[in-house]
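Asker: Right, I'll just put the structure down here and ask away after.
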Amino acid sequence: MSKTIVIEDADDLAPDQAGAAATVVVDDEGGESKKTVLPARAMRNDDGTITLPLLKPVTLTVKSASGQREETYDTLTFREMTGLNLRMIAQAPPEKQTVVALAQATGIKQHRMDPLFDNMLARDVTAAAAVISFLQE
């Protein structure tokens, strides 16, 4: 699929055409939209979920009334989202939408996803975002 973009710049127009609005023509051959591709390391599961192994596992220390324990996240499992999930993402402030999207798509509680996200490799965050995009198509 090739795209041709033609831009008529006012600086290149004859003096009598100066001030004319710029014209943009987009030729989208084939009419097919680009489909999001799952990261190569992502695995489709029989139940419709997608598991993404993390390049670098993240360990969180969880404190509760019964004591302290460590939880290690070496994979994230994504599920189909509902309208409610999408509404929760849309209601989040712009700077938190990626974190909220990860929490909604994986079912990990927001108070755990915040520190998990902060400690994930950027490559893992990018791959997770690609899985979410794939599930939304």
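Where a number appears in this text, it was derived from the coordinates with a stated rule and is not lab data. These numbers were taken from a predicted model, which means no experiment stands behind them.
Asker: Given Cα pairs under 8 Å that are at least 6 residues apart, what percent is the relative contact order of the range 30-137? Before the final figure, lay out the partial values.
Answerer: Values: 140 pairs, mean separation 33.3, N = 108.
Relative contact order for the range 30-137 comes out at 31 percent.
Asker: Note down, for the range 44-88, the three equivalent ellipsoid semi-axes (square root of 5 times each alpha carbon gyration tensor eigenvalue), biggest first, whole angstrom. Present the calculation step by step, with values, prior to reporting the outcome.
Answerer: On the way: eigenvalues 136, 59, 18 Å².
With the √(5λ) rule applied to the range 44-88, the semi-axes are 26, 17, 10 Å.
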